[in-house]
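A.B. asks: Can you keep this structure in mind? I'll have questions shortly.
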Amino acid sequence: GGQGAKTACLLLADAAFNSGKQVQGFPEYGPERMGAPITAYNRISEGGSGSSVHSNIYNPDFVVVVDETLLKSVDVTAGLSENGAIIVNSRKSPAEVRRQLRGYKGKVCTVDAGSISQETLGRNIPNTPMLAAAVEVSHVIDKDRFLADMEGSLRHKFASKPQVVEGNMRALRMSMTQLKVG
């Protein structure tokens, strides 16, 4: 909690909806104290009537890990499709992270979202770079459409703070180019 996973989840849902997809985006909180791990889910599908399932996702196609310390305590690849990918906020290479993933055979991606956000926003807020990495890996939304939607959302949300908009846009682009795939 506190690293923006819920915000990123809802931003992804908004961007997917704006591109014509059916979406669900929701967080799950445990009874723990503030700062404890949270899980946030997105269901995104092409047109139609959307998903009639309204529950947690037990067999995801993609998993985004905003805090790599969770790799030690949570089986982040449980149920994860080997045709999908896991994206981890880490300075480590995908090969180094793979050794912590209990035999997961699918795609492993890493991006140093902390450093990117520190450089572009002046503080460690990894949600924006992780959101961009998820879009880059999953191709769930056209990249150019996603960037345009994000800029519009950010300009609306931070109308009086253009530097925040520019910093977040730089973070999004930087994450997409610095993503490591293994």
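The values are calculated or read from the model by the stated rules, or taken from the named source; none is laboratory data. Here the structure is a predicted model, which means the values were calculated and not measured. Cβ sites come from the backbone with ideal geometry, for glycine too, and all protein chains shown count toward neighbours. Keep in mind that these areas ignore ligands, DNA and RNA; they rest on the heavy atoms of the full protein, side chains included. Shrake-Rupley method; radii C 1.70, N 1.55, O 1.52, S 1.80 Å.
A.B. asks: Apply the Karplus parameterisation 6.51 cos²θ - 1.76 cosθ + 1.60, with θ equal to phi minus 60°, to every residue of the stretch 145-155 and state each ³J(HN,Hα) to the nearest whole Hz, in sequence, with x for glycine and proline.
C.D. replies: So the J values, rounded to whole Hz, are 5, 4, 4, 5, 5, 5, 4, x, 4, 5, 5.
A.B. asks: Within the accessible area of the stretch 64-116, what % is carbon and sulfur when the probe is 1.4 Å and the other protein chains stay in place?
C.D. replies: Ligands and nucleic acids excluded, carbon and sulfur give 47 percent.
A.B. asks: On to the next question. In nm, give the distance between the simple-model label positions of F158 and L70, each being 7 Å from the Cα along the Cα-to-Cβ direction.
C.D. replies: Distance between the two pseudo-spin positions: 2.3 nm.
A.B. asks: Same structure again: Could you estimate the translational diffusion coefficient of the stretch 131-182 from the Stokes-Einstein equation, with Rh from the Kirkwood formula over C-alpha pairs, at 10 °C and 1.306 mPa s, in whole µm²/s? It would help to have the intermediate numbers written out before the result.
C.D. replies: Numbers: Rh = 11.4 Å.
Roughly 139 µm²/s, to the nearest whole number.
A.B. asks: With θ set to phi - 60° and the Karplus curve 6.51 cos²θ - 1.76 cosθ + 1.60, what are the ³J(HN,Hα) couplings of the stretch 123-138 in order, to the nearest whole Hz, using x for Gly and Pro?
C.D. replies: 7, 7, 10, x, 5, 5, x, 5, 4, 5, 4, 4, 5, 4, 7, 7
A.B. asks: Share of Cα-Cα pairs in the stretch 79-182 beyond 21 Å, in percent?
C.D. replies: Tail fraction, whole percent: 36.
A.B. asks: Kindly report, to the nearest 10 Å², the accessible surface of E46 as traced by a 1.4 Å probe over protein heavy atoms only.
C.D. replies: 140
A.B. asks: Quick one: plug the Kirkwood hydrodynamic radius of the stretch 77-137 (C-alpha pairs) into Stokes-Einstein at 25 °C, 0.890 mPa s, and report D in µm²/s.
C.D. replies: Values: Rh = 12.1 Å.
My calculation gives 202 µm²/s for D.
A.B. asks: For F158, F146, F17, give the ranking by accessible area with the largest first, probe 1.4 Å.
C.D. replies: F17, F158, F146
A.B. asks: Divide, for the chain, the radius of gyration over alpha carbons by 2.2 N^0.38 Å, where N is the residue count.
C.D. replies: Relative to the rule-of-thumb radius for its length, the chain sits at 0.99.
A.B. asks: With n ≥ 4 as the cut-off for DSSP H runs, can you work out [θ] at 222 nm for the chain, using -39500 (n - 2.57) per run divided by the number of residues, rounded to the nearest 500?
C.D. replies: Mean residue ellipticity at 222 nm (helix-derived): -12500 deg cm²/dmol.
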